[in-house]
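We did not get these values from a lab; they are worked out from the coordinates using the rules stated. Keep in mind that this is a model prediction, so the values were computed, not measured. Here Cβ is always computed from backbone atoms with ideal geometry, including for glycine, and neighbour counts include all displayed protein chains.
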Amino acid sequence: MQTQIVYSKRKTISLIITKDANLLIRAPFGTNKSTIIKIIQDKKAWIEKKIDEIKKHPLCAKKDYIDGEKFYYLGKIYELKISNANKNSVFLSDGKIFILLKKQSSTKTVLINWYKEQALNFIKTRLNYYSNLLNCTFKSVNITSAKKRLGSCDFNGNLRFSFYNILLDQTYIDYVVIHELCHLFYLDHSKNFWQKVESAMPDFKQKRLWIRKNFYIIANSL
């Protein structure tokens, strides 16, 4: 791990783990090095955890949304290719995500909007399949930008899913879909609820564990 200290006109010290798994420290002018060393020592566990996460998931560092970067879509890795155009559009081809970008448009905004559209369409398809399997009916489905909550279901049968689901392999999206549909029967996490989930996905515990370990790391890359 390499450590870089950048001094500037600021009031606080911040620690940043870069996408190369190095430590960047931003500090106010005049900050004593002993103060910085103490902060690093105090945050040692956090620093090591973040570096370990990046090394385990090398594609999950924060993106700059530039040509050649790698992005997840339905569990697969795609290289970003950006071209100028008269109209914004996104499509997949030959293992790449192509973005045609109008002048002054934001690559990140265009890509995120595409992710949201794909998430809605894909999740609707899976909802139709599993609602027939479970013999249940939902009222509506909407896409959110939540990073810590993959899905939710209210008393009226309205379902909400994070667009970040679309980064995951279909099998994990299916788990989230089944989970929320089963809340149409039980609005809790009782034994009966989990039995309902298991009836549609016998290995749901493995899916749930993987998501708990990996989802936030992947979602936090965007």
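Rounded to the nearest whole Hz, the Karplus-based 3J(HN,Hα) values (6.51 cos²θ - 1.76 cosθ + 1.60, θ = phi - 60°) of the range 143-152 follow the sequence 9, 10, 10, 5, 9, 9, 10, 6, x, 7, with x at glycine and proline.
Comparing Ile166, Ile25, His179 along the charge dipole axis of the chain, the residue lying farthest to the positive side is Ile25, per the Cβ-charge model. Packing here is the average count of other Cβ atoms within 10 Å per residue, and on that basis the peptides 177-185, 163-171, 80-88, 197-205, highest first, run 177-185, 163-171, 197-205, 80-88. Counting only Cβ charges, +1 for Lys and Arg and -1 for Asp and Glu, the dipole size of the chain around its Cα centre is about 860 debye. Across Ile77, Ile16, Ile143, mean-square fluctuation computed from a Gaussian network of the chain (C-alpha pairs under 10 Å connected) peaks at Ile16. Rounded to the nearest 500, the 222 nm mean residue ellipticity of the chain from helices alone is -13500 deg cm²/dmol, with -39,500 (n - 2.57) taken per DSSP H run of at least 4 residues.
Annotation: lysines with alpha-carbon distance below 17 angstrom to Lys103 (same-chain offsets under eight excluded): Lys81, Lys87.
What the phi angles of the range 85-102 give under the Karplus curve with 6.51, -1.76 and 1.60, with θ = phi - 60°, is a coupling list of 7, 8, 9, 6, 7, 9, 8, 9, 6, 6, x, 10, 9, 8, 10, 9, 10, 6 Hz, glycine and proline written as x. What is the angle, in °, between the Cα long axis of helix 44-56 and the longest principal axis of the Cα atoms in the chain? Nearest 10 is fine, range 0 to 90. With rounding to tens, the tilt is 60 degrees. Paramagnetic label reach from Lys43 (point 7 Å along Cα→Cβ; backbone nitrogen cut-off under 20 Å): within the range 184-221, residues 217, 220-221.
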